[in-house]
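Enquirer: Before I ask anything, here is the structure I am working with.
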Amino acid sequence: MRPDQDYFKWLKVNQVFLNHTKFKTDTLVPCGFLLGAHPGFFRRDEAEIDLAHNISPSDSPLDFQLSSRSVSVATSPSTTDRFSFQAVVVES
């Protein structure tokens, strides 16, 4: 997939952030997280259905799952400092 396709445009508009270097075809890896989704109160089953409906064409569904885990992100592009927090993660 290319970054200019509808899938990536939808992710950006809905603030779903991806780490492009983590895409692999043989393993399940975290490829992004849902901003503002509290892991303890989030209804993952309903969100997976809604997300699949909005991002996957019916003729070629995108396999993914949502899980709760710790995420670490860089605090700035110019530093190695990282911020860790609990998040709802999109795994593909």
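Enquirer: Just to be sure I understand the filter: pairs with C-beta atoms under 6 Å, separated by 6 or more residues or on different chains, first member in region 35-46 and in contact (Cβ under 8 Å) with a residue 12 or more places away in the chain, second member part of a loop (DSSP other than H, G, I, E, B). Which pairs pass?
Expert: Every condition considered, the pairs that remain are LEU35/GLN15.
Enquirer: Please verify whether region 12-23 includes one or more residues that are at pLDDT 80 or above and outside any loop (DSSP other than H, G, I, E, B).
Expert: Step one: list which residues in region 12-23 are at pLDDT 80 or above, which gives 13.
Those still in the list that are outside any loop (DSSP other than H, G, I, E, B) too: 13.
Yes: region 12-23 contains one or more residues that are at pLDDT 80 or above and outside any loop (DSSP other than H, G, I, E, B).
Enquirer: Does PRO39 meet the test of being assigned to a loop (DSSP other than H, G, I, E, B) and modelled with pLDDT under 75? Lay out the reasoning, then the answer.
Expert: On the way: assigned to a loop (DSSP other than H, G, I, E, B): yes; modelled with pLDDT under 75: no.
So PRO39 does not fit the description; no.
Enquirer: Right, next: Cβ-Cβ distance below 6 Å, separation of 6 or more or different chains: which pairs start in region 71-92 with a residue that is modelled with pLDDT of 85 or more and among the hydrophobic types (A, V, I, L, M, F, W, C) and end on one that is outside any strand (DSSP E or B) and surrounded by 10 or more Cβ atoms within 10 Å (Cβ to Cβ)?
Expert: Correct list of pairs: PHE83/THR75; VAL88/ALA37; VAL88/PRO39; VAL88/PHE42.
The values are calculated or read from the model by the stated rules, or taken from the named source; none is laboratory data. Please read all numbers here as calculations on a predicted model, not as lab measurements. Quick reminder, even Gly has a Cβ in these numbers, built from the backbone with ideal geometry, and neighbours come from all protein chains shown.
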